Amino acid sequence: MTPSHYLVLGALLFVIGGVGFLVRRNVLVTLMSIELMLNAVNLTLVTFNRMRPEGMGGQMFAFFLIAAEAAEVAVGLAIVLSMFRIRRTVRSDDADLLRN
Amino acid sequence: MIETLFPANDFSLIGIILALPLLGAFVNGIWGRRLGKEAVKLMALAAIGASFVCAIIAFLALDKMVSREHGYQRLTWTAYEWMHTVGGRGAGNVAIDAKFSIDALNAVMMLIVTGVGFLIHLYASSYMGKDKAYWRFFTYLNLFIFSMLVLILGDNLPVLFVGWEGVGLCSYLLIGFWYEGLPNAAAGKKAFIANRIGDFGLICGMFLLVHYTGALDWTGIKNGADILASNPSDYYQIHVWPIGGGTYTGALAFLQPKSPITITAATAIGLALFLGCAGKSAQIPLYVWLPDAMAGPTPVSALIHAATMVTAGIYLVCRLSFVFVLSPFVMTTIVVTGAATAILAATIALVQNDIKKVLAYSTVSQLGFMFVGVGVGAFSAGFFHVFTHAFFKACLFLGAGSVIHAMHGRIHDDVKSQDMRFMGGLKKYMPFTYWTFLTATLAIAGAPLFSGFFSKDEILFKAFVSKSVNPFAEQLSSKAGATVWAPPAWFGQAVFVVMVIAATMTAFYMFRCFFLTFHGNFRGWEVGRASAFRSLPADEEVDHDGDHHHEEEDLTVPGPPPHESPWQMTVPLIVLAAFSFAAGFLNPAPLTHTLPMEHWLQPVFEGTFKIGGGAGPILTRADAQKLEWPLAFGGIAAFAIGTGIAYWMYMMKDGAPARELAAKAPKLHQLLLDKWRIDELYEKTILAAVDALADTMAQVDRYIIDGVLARGSSLLVAALGHILRAFQNGVVHVYALAMVVGLAAFAWHFTTPHPDATMTEASGDYTLEAGPGMGYSFRWDADGDGKADSDFGTQTTVKVHVDPGKSQAVTLEVKNAFGRVGAKRFNLARPEKAKVLDVGTGMMGGQ
């Protein structure tokens, strides 16, 4: 297993997350896709850190990202909950209140 | 006591003279509606009356000063210091203060304005008695007097201009006083616009004056005026390109003269100022507003025509006489304009049926006389005619107003009530009006011993004896060291003949008007026995506001006879008639050698003659006096012939010869009735051109400005918004997709190499420097053989030499961090050497 395998895996995961984000309408699934993309980024960062092990920048960024992810999920879930209370749905198509 | 209260250099009595009419206008203007007619009348009359009293005191103070210290004297008062600036080719300090002064010239004007103005106020207090807007009328009237006083008492041109515009505004308000009638409002506008044209000239004159003389006050201009025509150098000359300074070639070349027309500064200033005078004093070509100004109430006509506004032009020429005399061309222009106006207006007045129209054209004609007077350099003679004209023309207008007032007893139509064909025989019913009107008619017609005789005769005499129009042409020529244009020697005599003809016409049309109005049989309506109508309510006090709520009456039913006007109207008539007769004795040139008026004005014009460089405009005194008597017969003959013909036509033959003449030449008669159709000519030419321009502009505004620029740009924005709104659908996925597309575009841009270089050239050596970029390496093909000179490296500049007339291609290739390569080709082409140099060497070789 060379680092390039990890990179390809990261890219695949990112694309899967991205496509999921673009095509799925369930907000919860959308959130999961975002998590997937962020994890792909984390994986890539750690891989790059392995390739250039002089500093620990990649690892550090991965930790920060995990923290950011946690915060983001908390906010996202709060939004999803309140959206569900108002619209009785978790489909993002129906969340177009700002349009009018 | 007056002198201790008001020292000569701080004569604040002027402020009181000015402030009183302004105060009257202010009080009546703000509270007039609630004050009631009596209070409004009291305020207006008291203001102007007190102003008149103060004016008399000021006049006496000046007179005392003149008799104590001889020479030019004046009383000044600076209201406040306004502006100081550097002007006149940086020569000095130009002070523009709100400063007023009284000298011999405007002291007389001041007395006329306030005195005659007071009489007209008194008259109007009764004449306008039934008007709804009584208070508004007196507000305007007081404001008018105030503006006129500012005009004549101002010590510099800007202050004069404030008054000049002020009377313009007030005349607009007063002429259009009954603004509900469309012709009245149109007449007001016409006066305003015609005056604006003149004002343009006045402003230009002011600019030129401050430029050349470095001053705008009378003393300063006088001190600087000397230079205007005397300096032979280019410095004080003005070059005029008749149609602008552009270059015209080909077929249009004839439009452009080879060199500009060169005139002296004095000529330019004089012409510009005279344009202003022609506008205000209704001379050709700007006279058209004055006859239309008859649309205003009759006291307004009297005020504008007689004493105040229209004489402002003459006043300005007199005031700045020392500028005008420096240019014989301008003086000739003034004389020609005045003479032409005098005779043209007189011909129109011959046939008019409206009593006020006759008087209006008579005013235009008389103003022509005045301009001839000042134009031949006889400033005091011209001004003397202003003085006498103020009395007799005011008397005539007020008399006409009295007649119209009487006619309104039965005829409520404004046009018909002023038509002389409905009058006649009024002598019996209106004795005061009759006798005063007769006095004023005799005065204007030039009956010997009446005031108009002396003043008109003086002008005729001076026109004849002034060697040429400008007596100073020779002096000016020698002073400037160049020939100054002068009119031919016979010019004065020709003017004399023309003016005698105009004077004959004056006598004729004035007596025609007089006979038609007061003699013969009354043609207005059936007059029943007076006793039969005693019991009727006094309906004669008709409102004059053109509000015809009366049914038009059947004029064949007998009605009460026309009535004399109340005392408020007859008293001014009597006073003015007395002055119309007596004022001439202030300057009875043919009778005596003592001329109080001329003597009084002499210090004002003394400096003028000094600047002109001559002793005076007239032949030697002895010669002049020899001619005085013989030439007086010209005026007397004009009066006798004109009056005689009028008497024969309208008294002996009862108008039959006039009707025959009109029948014989109907076209000419109609042309005269239509006032030579000058208005129509203006309409067809100037107005049509302006209208066409305005129409074009309106189309441009509608279709290009509104259509394309305003509506087009709003449509564009709306369309753009429409498109963008489609994306703002609130769906998260669409936003995300847009983001992805954007990111992809950025990625593409950053992964593509962008080769570019800046090129500098110095005599064939071209230096190309490639622009930097992330991870770029460069490769050049400088010799243009299509192959790279080296491998990719860090070389960012190349130098190439190109010979004249040759060209070379240089290619830059750039490789970025992703290994992608981009190329750009530069074509270095060096032009041939400049052709001029080649021709130069060629010619050298030829030699």
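Relative to the dominant Cα principal axis of chain B, helix B:37-68 is inclined by about 90°.
Can you give the average number of partner chain beta-carbon atoms within 10 Å of each beta-carbon in peptide B:736-749, as a whole number? Write out the running numbers ahead of the final one.
Values: counts 5, 2, 0, 0, 3, 0, 0, 0, 0, 0, 0, 0, 0, 0.
What the average comes to for B:736-749 is 1.
Stokes-Einstein diffusion of the protein assembly as shown at 4 °C, 1.567 mPa s viscosity, Kirkwood radius from Cα pairs, rounded to a whole number: 37 µm²/s.
Assign one of three labels to chain B, namely rounded, prolate or oblate, based on the Cα gyration tensor with a ≥ b ≥ c the square roots of its eigenvalues; rounded applies when a/c is under 1.5, prolate when it is not and a/b is larger than b/c, and oblate otherwise. Write out the running numbers ahead of the final one.
Numbers: a/c = 2.53, a/b = 1.87, b/c = 1.36.
Judged from the Cα gyration tensor, chain B comes out prolate (a/c at least 1.5, a/b above b/c).
Candidates B:673, B:822, B:767 compared by Cα position along the dipole of chain B: farthest toward the positive end lies B:673, with charges placed on Cβ. Two numbers describe the Cα atoms of chain A: Rg and Dmax, which are 16.6, 53 Å. D for region B:1-76, whole µm²/s, Stokes-Einstein with Kirkwood Rh over alpha-carbon pairs at 20 °C and 1.002 mPa s: what number? D, rounded to a whole number, is 156 µm²/s.
Annotation: peptides B:359-372, B:282-295, ranked by per-residue average of other Cβ atoms within 10 Å with the highest first, follow the order B:359-372, B:282-295. In a simple Cβ point-charge model (Lys, Arg +1; Asp, Glu -1; nothing else charged), chain B has a dipole of about 860 debye relative to its Cα centre.
For region B:115-171, the list of trypsin sites (Lys or Arg not before Pro) that fall in a loop by DSSP and count at most 13 other C-beta atoms within 10 angstrom reads B:132.
Where does each of B:799, B:815 land when they are ordered by accessible area, with a 1.4 Å probe and the largest first?
B:799, B:815
Rounded to the nearest 10 degrees, the angle from helix B:379-407 to the longest Cα principal axis of chain B is 70 degrees.
When only the Cβ of Lys, Arg, Asp and Glu is charged (+1, +1, -1, -1), the dipole of the protein assembly as shown relative to its Cα centre reaches about 600 debye.
Once region B:1-141 is represented by equal point scatterers at the alpha-carbon sites, with solvent omitted, what log10 I(q)/I(0) does the Debye formula produce at q = 0.12, 0.14, 0.22 Å⁻¹? Relative scattering, expressed as log10 I(q)/I(0), comes to -0.61, -0.75, -1.19.
Taking the convex hull of the Cα atoms, report for region B:157-198 its projected area averaged over all directions, in nm².
Values: hull surface 10.4 nm².
If I average the Cα hull's projected area over directions, I get 2.6 nm².
What is the packing order of peptides B:145-157, B:104-116, B:74-86, taking the mean over residues of other C-beta atoms within 10 Å and listing the highest first?
Working: B:145-157: 26.7, B:104-116: 24.5, B:74-86: 15.2.
Per-residue Cβ counts within 10 Å, averaged per peptide and sorted highest first, yield B:145-157, B:104-116, B:74-86.
The residues of the protein assembly as shown expose on average 47 square angstrom of accessible surface per residue, using a 1.4 Å probe on protein heavy atoms. Which shape class, rounded, prolate or oblate, goes with region B:38-111 when its Cα gyration tensor gives a ≥ b ≥ c as root eigenvalues, a/c under 1.5 marks rounded, and past that a/b bigger than b/c marks prolate? It is oblate, given that a/c is not under 1.5 and a/b is not larger than b/c.
Within 10 Å of each Cβ in B:724-732, how many Cβ atoms from other chains are there, averaged over the peptide?
Values: counts 0, 1, 0, 0, 3, 4, 9, 7, 9.
Other-chain Cβ atoms within 10 Å of each residue's Cβ, averaged: 4.
Any chance you could give the angle, 0 to 90 degrees and rounded to 10, that helix A:57-87 forms with the longest Cα principal axis of chain A? Here the helix axis deviates by roughly 10 degrees.
At a 1.4 Å probe radius, carbon and sulfur cover how many percent of the accessible area of chain B? Could the numbers behind the result be given before it?
Numbers: 24720 of 37540 Å².
Heavy-atom surface of chain B belonging to carbon and sulfur, 1.4 Å probe: 66 percent.
Once the Kirkwood radius over Cα pairs is known for region B:341-441, the Stokes-Einstein relation at 4 °C and 1.567 mPa s delivers a diffusion coefficient of 89 µm²/s. Over all Cα atoms in region B:122-196, the spread is summed up by Rg and Dmax: 13.5, 41 Å. Accessible area buried by the pairing of A and B, both sides summed with a 1.4 Å probe, works out to roughly 700 Å². Burial annotation for region A:10-37: residues with an accessible-area loss of at least 10 Å² between the isolated chain and the complete set of protein chains, computed on heavy atoms with a 1.4 Å probe, are A:21, A:22, A:25.
The values are calculated or read from the model by the stated rules, or taken from the named source; none is laboratory data. Keep in mind it's a predicted model, so treat the numbers as computed, not measured. Please note: Cβ atoms are built from the backbone with ideal geometry, for glycine as well, and neighbour counts cover all protein chains shown. When the accessible area is computed, the model is the full protein with side chains, heavy atoms only, and any ligands, DNA or RNA have been set aside. Shrake-Rupley method; radii C 1.70, N 1.55, O 1.52, S 1.80 Å.
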